[in-house]
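Here is the structure we will look at, set down as structure tokens.
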Amino acid sequence: MTIRVYSPTTLEEAYAILRERGAQLHVLAGGTDLMVSINLRLLAPHEVLNIWSLRELRGIHEEETTLRLGALTTYTEIIHSPLVQRHCSILVEAAKTIGAVQTQNRGTIGGNIVNASPAGDTLPVLAVFDAELELGSARGTRRVSINEFYTGYRQTIRQPDELLLAVRIPKQQPDERTFFYKVGTRQAQAISKVVIAAKARVQADGLLNSIQIGLGSVAPTVVRARQTEAFLTNKILSPQLIQQAKEVIQRDIHPITDFRSTESYRRHVTATLLVRFLQQCLDGQAIRAACE
């Protein structure tokens, strides 16, 4: 099989190629997904756009209320970034769970986003932070919420002539608590059976002002547990409420049985992990109240 590879060195050049050949192209960033698919004969692309040399898609920058991560930011760069550690620490935790060091050195956050796998480990984190994606083409740029980006299994609203340029993540606020956990066949280098990220604001009296829950591997796309969020918001945390939330989230998701896990296991684990996060919030409130 012969593959024609385009390797632009500027974004303008990449846009021109996409405008002419976009419908036929597979975009190659770090290659940790695409090359595996080609080697396993799951894909047989005739044309590939290699964007690895596009400097415009690199770098982690602090803005007033957000962090802007270029689409070619690698997991290793995320793990070692003081900015990400300070303002979105659970993204660091998610990046640590992705593959071996070689994969972390080469794999990119943009690839994880555009690949659109429901098991993408960074995606629940981006979902709970309501991250904004910057898409660009010769026609201009636009921004969309990651929670509106996915339309189905491995399907997105990205147009054939567009590239993902960057992701903007709102900075975590001092009073927000976060949680990330991945369940796989083993602790590392495994595709997730369930992955959860959560973020919440809890007052001193235990009132849950807000909560966001992002889930992977329990639906055709990464999802927010909207019904569970609505059930918990503006409620006083208590053991009874936590048990009720455990039941609500099991009705909120629609996992499947596949070769990695069963539908019932995914429901049980998702509920158990939510209980763990809420219990941490409750225990934290008890400690804080005792100190005040």
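Given the options Thr32, Thr9, Thr76, name the one that is assigned to a loop (DSSP other than H, G, I, E, B), at pLDDT 95 or above, β-branched (Val, Ile, Thr) and touching a helix residue (DSSP H, G or I) at 6+ places or on another chain (Cβ under 9 Å).
None of the other options fit; the residue is Thr9.
Can you find a residue in region 220-236 that is at pLDDT below 95 and farther than 15 Å from Ala198 by Cα?
yes
The rows are residues; the columns are (1) among the charged types (D, E, K, R); (2) within 12 Å of the chain's Cα centre (by Cα); (3) part of a helix (DSSP H, G or I).
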{"site": "Ala94", "(1), (2), (3)": "no, yes, yes"}
{"site": "Ile98", "(1), (2), (3)": "no, yes, no"}
{"site": "Thr103", "(1), (2), (3)": "no, no, yes"}
{"site": "Ile113", "(1), (2), (3)": "no, yes, yes"}
{"site": "Ala119", "(1), (2), (3)": "no, yes, no"}
{"site": "Pro124", "(1), (2), (3)": "no, yes, yes"}
{"site": "Ala127", "(1), (2), (3)": "no, yes, yes"}
{"site": "Glu134", "(1), (2), (3)": "yes, no, no"}
{"site": "Thr141", "(1), (2), (3)": "no, no, no"}
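Keeping to region 130-148, report how many residues are over 18 Å from Cys88 (Cβ atoms) and among the hydrophobic types (A, V, I, L, M, F, W, C).
Counting residues in region 130-148 that are over 18 Å from Cys88 (Cβ atoms) and among the hydrophobic types (A, V, I, L, M, F, W, C) gives 3.
To keep it simple, each residue is scored yes or no on (1) at pLDDT 95 or above; (2) within 24 Å of Leu273 (Cβ to Cβ); (3) assigned to a loop (DSSP other than H, G, I, E, B); (4) open to solvent by 30 Å² or more (accessible area, probe 1.4 Å).
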{"site": "Arg158", "(1), (2), (3), (4)": "yes, no, yes, yes"}
{"site": "Phe179", "(1), (2), (3), (4)": "yes, yes, no, no"}
{"site": "Thr185", "(1), (2), (3), (4)": "no, yes, yes, yes"}
{"site": "Ala188", "(1), (2), (3), (4)": "no, yes, yes, yes"}
{"site": "Ile196", "(1), (2), (3), (4)": "yes, yes, no, no"}
{"site": "Asn209", "(1), (2), (3), (4)": "yes, yes, no, yes"}
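Restricting to region 101-120, name every residue that is closer than 10 Å to Gly216 by Cβ and open to solvent by less than 10 Å² (accessible area, probe 1.4 Å).
Gly120
The values are calculated or read from the model by the stated rules, or taken from the named source; none is laboratory data. In this text, all values refer to a predicted model and were calculated from it rather than measured experimentally. Here the Cβ is made from the backbone with ideal geometry for all residues, glycine too, and neighbour counts use every protein chain on show. The protein model used for the area step is the full one, side chains on, heavy atoms only, and it has no ligands, DNA or RNA in it. Shrake-Rupley method; radii C 1.70, N 1.55, O 1.52, S 1.80 Å.
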